[in-house]
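Colleague: Mind having a look at this structure? Questions to follow.
Every read-out reported here was derived from the displayed coordinates using simple, explicitly stated rules and does not represent laboratory data. All of these numbers come straight from a predicted model, not from anything done at the bench. So basically every Cβ, Gly included, is an ideal-geometry build from the backbone, and we count neighbours across all protein chains shown.
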Amino acid sequence: MSSGPGADSAPAPSTHESPPTPDAASAKSSKSSKSSMFSSLRVRNYRLFFSGQVVSNIGTWMQRIAQDWLVLSLTGSATAVGVTTALQFLPMLLFGLYGGVLVDRLPKRRTLLFTQTSMGLIGLALAALTLSGHVQVWHVYLAAFAAGMATVMDNPARQSFVSEMVGPDQLQNAVSLNSANFQSARLVGPAVAGLMITGVGTGWAFLFNGLSFVAPITGLLLMKARELHVVERAPRAKGQLREGLQYVAGRPDLMWTIVLVGFIGTFGFNFPVYLSAFADDVFHAGAGSYSLFNTLMAVGSLGGALLAARRGTAKMRVMIAAAVAFGAMELAAAAAPSLWLFALLMAPIGMFGMTVNVTANTSIQMSTDPAMRGRVLALYMMVFLGGSPVGAPIAGWVTDAYGVRAGLAVGGAISALAALTIGLVLARVGNLRLSVGWNRGHPHVRFVPRERQEKEPVPAAA
């Protein structure tokens, strides 16, 4: 179902994760996937997609900054800015699962042409209103909600289309490079937006974003359909939403991965609440330090995405270990006595957080039946993106009541505890036990099958 013209003669199946004991062919593939951090860019279709996303992601970050600034300048209300953000996430919470159903039924490339064109037109409309001086706050609200509606289908379609472009062997590398692409734009986009807003006004930032969608649309049109890995689409039928939920419920590896991402997204990723409070209330350093914190976290996230691309495989133990480390780093940052120590901890927090996201995304894609991939990814994105509107008020309440150090510590503790608990649950489901030993003078910690651990003799000393 995942093979197509141009595919390898015996690719690993895309309907499930790589088995614990891969054969020679898959081992060779794994080795080759580690040989280059940018190996998936050798695929022409993915190269076109990636190049288009470079431009579009910068435009998207520019619009986010310009949109918030415009609302603040129109209303003078931080609450209005929060309403704008909520309107962008609301469609995913309300209709995300239905978007996944549609994505499973429809051709991914054609769907992306529609969603990317829609988002480009939204940006151009907002630019026209702003540059003409007729923009009102309800226009921005409407544009944010419309962009959120397009995202309902764009997110799962864009995520699942990656496997059709590169196939299973290069999937982790491609997903990791997508994350690196997004994080690079996160470094560039806000800086360019700030210069553009100061120099010529917010309307030009919206115009750039609208025009930036020409790049991914052109890339999609230039792709060679015969080089895509053919995936059987789900036929139109009743009960497909319920079928998707039942599919996830019957797969502990998928269900617990999504639960873990939900906990971390809800309680661990409330950095807009924490970082601004640390900059102003704890270290009394102002907006410059807030910008520094965000920049260092983005650098760490970029590094985490590139390391995931270099690793080449998505392993559950890597995800669990990274989630525990993410929570531990947040606990350390909560207790950091100085601004510079706190700032330095932002990089590993970004790196471990990105490792969790990339590994979870890849493992879900690789272990999901292609006909179910849109629905499963829609649920994944809904849980991850939907966690912020739920978690941010909780983080704000803890911060107001007990201080920002307590708020960050609670978020880190919940993230680490959730990772440890889910790791133990997955180990029990997989009939695994924790094995601790020494290998050439170094500690070696891993999960091994219970039967194997019980039957293996103790090796004689060398």
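Colleague: Note down the magnitude of the dipole of segment 31-167 about its Cα centre, charges +1 on Lys and Arg C-beta and -1 on Asp and Glu C-beta and zero elsewhere, to the nearest 20 debye.
Modeller: With only Lys, Arg, Asp and Glu charged at Cβ, the dipole is about 740 debye.
Colleague: Something else about it: Measuring from a point 7 Å past the Cα of Arg236 along Cα-to-C-beta, which residues in segment 101-117 have an amide N at less than 15 Å?
Modeller: Residues 101-107 fall inside that zone.
Colleague: In percent, what relative contact order does segment 240-430 have, based on Cα pairs under 8 Å that are 6 or more apart in sequence?
Modeller: 39
Colleague: Classify segment 281-344: rounded, prolate or oblate, from the alpha-carbon gyration tensor (a ≥ b ≥ c, eigenvalue square roots; a/c under 1.5 rounded; otherwise prolate if a/b is larger than b/c)?
Modeller: Cα axes put segment 281-344 in the oblate bin.
Colleague: List the residues whose amide H sits under 5 Å from the amide H of Leu228, counting only those 5 or more places along or on another chain, with H placed 1.01 Å from N in the peptide plane.
Modeller: Residues meeting the amide H criterion: none.
Colleague: Let me ask another. Restricted to Cα positions, what overall size does segment 79-227 have along the principal axes? Three whole-Å values, descending.
Modeller: 49, 32, 25 Å, listed from the longest principal axis down.
Colleague: Let me ask something else. Once label points are set 7 Å from the Cα along Cα→Cβ at both Arg47 and Thr421, what is their separation, rounded to one decimal in nm?
Modeller: 4.8
Colleague: What is the magnitude of the charge dipole of segment 240-430 about its Cα centre, with +1 placed on the Cβ of each Lys and Arg, -1 on the Cβ of each Asp and Glu, and no other charges, expressed in debye to the nearest 20?
Modeller: 660
Colleague: Continuing with the same structure: Mind checking the full-extension length gain between Gln136 and Leu121? Use 0.36 nm per residue of separation minus the Cα-Cα distance, one decimal, nm.
Modeller: 3.6 nm
Colleague: Same structure, new question: What nm value, rounded to one decimal, do you get for the distance between Glu243 and Val429 when each label is placed 7 Å out toward the C-beta?
Modeller: Label at Glu243, label at Val429, 2.2 nm between them.
Colleague: Quick one: check the C-alpha center-to-center distance for segment 129-165 versus segment 173-248, whole angstrom.
Modeller: Here the answer is 11 Å between Cα centres.
Colleague: Between Ala335 and Phe145, what length comes free when the chain is fully extended (0.36 nm per residue of separation minus the Cα-Cα distance, one decimal in nm)?
Modeller: Taking Ala335 through Phe145 to full extension adds about 64.5 nm, to one decimal.
Colleague: For segment 240-430, what is one quarter of the convex hull surface built on the Cα atoms, given in nm²?
Modeller: 10.7
Colleague: Assuming 0.36 nm per residue, please report the length gained on full extension of the stretch Leu222 to Val54 beyond their Cα-Cα distance.
Modeller: Difference between extended and current length: 58.8 nm.
Colleague: Tell me the label-point distance for the pair Leu74, Arg110, using the 7 Å Cα-to-Cβ offset, in nm and rounded to one decimal.
Modeller: That separation, rounded to one decimal, is 3.6 nm.
Colleague: How high is the relative contact order of segment 57-154, in percent, with contacts defined as C-alpha pairs under 8 Å that are six or more residues apart?
Modeller: 44
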